Amino acid sequence: MRQLSDSDIAEMIGMDFAPDNDATRRNVRSELHLSTRIPPQQKIQTHVNLDLHMHTIEQSWNEIMELATSGTKTATIITGASGILKIKFQQWVRDSLLTPYISSCTPLNNGSFAVTFAKLKTE
């Protein structure tokens, strides 16, 4: 969790905040319920299994794009051995908005793929 500075607290309470000791600082932080105001950062999973059985093309696209932009490093994406999702997924990997997010995509068997996502650039 991000540690708040005295200036952050002053901004939250709308006035100058200059604690004279650590006990005062702790009391103010406790009264402001700071642990509930700043949510803890979500831990990013390093590997995800995504099963697309019973998904529409649109649902599959949305879930894959969300996964690709989430910061996850690798995934096993299960499209099924037959059907349009297997074909569509391979097209998306080769030539779509998804392409820059994928470092590698390797078939594991007839209906699933091991995917490594490109590292997200933070600016």
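The table below gives the values:
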| quantity | calculated |
| --- | --- |
| The listed residue being among the polar types (S, T, N, Q), within 21 Å of residue 120 (Cα to Cα) and at pLDDT 95 or above, out of 76, 46, 99, 72 | 76 |
| Residue that is part of a helix (DSSP H, G or I), loosely packed, with under 14 Cβ neighbours inside 10 Å and either charged (D, E, K, R) or modelled with pLDDT of 95 or more (or both), where the choices are 58, 63 | 58 |
| Residues of region 66-88 that turn out to be at negative phi, surrounded by 11 or more Cβ atoms within 10 Å (Cβ to Cβ) and over 12 Å from the mean Cα position of the chain (by Cα), as a count | 11 |
| Inter-residue pairs, beta-carbon under 7 Å, first without any contact (Cβ under 8 Å) to a residue 40 or more places away in the chain and in region 87-102, second surrounded by fewer than 18 Cβ atoms within 10 Å (Cβ to Cβ) and in a helix (DSSP H, G or I), 6+ apart | 88/57; 93/99; 98/65 |
| Test for residue 51: is it among the acidic types (Asp, Glu) and at pLDDT 95 or above | yes |
| Yes/no for residue 73 being in contact (Cβ under 8 Å) with a residue 40 or more places away in the chain, in the same structural domain as residue 109 (by TED's automatic domain parsing) and not β-branched (Val, Ile, Thr) | yes |
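The values are calculated or read from the model by the stated rules, or taken from the named source; none is laboratory data. Just so it is clear, the model here is predicted, and its values are computed rather than measured. Cβ coordinates were reconstructed from backbone atoms using ideal geometry, including for glycine residues, and neighbour counts include every protein chain displayed.
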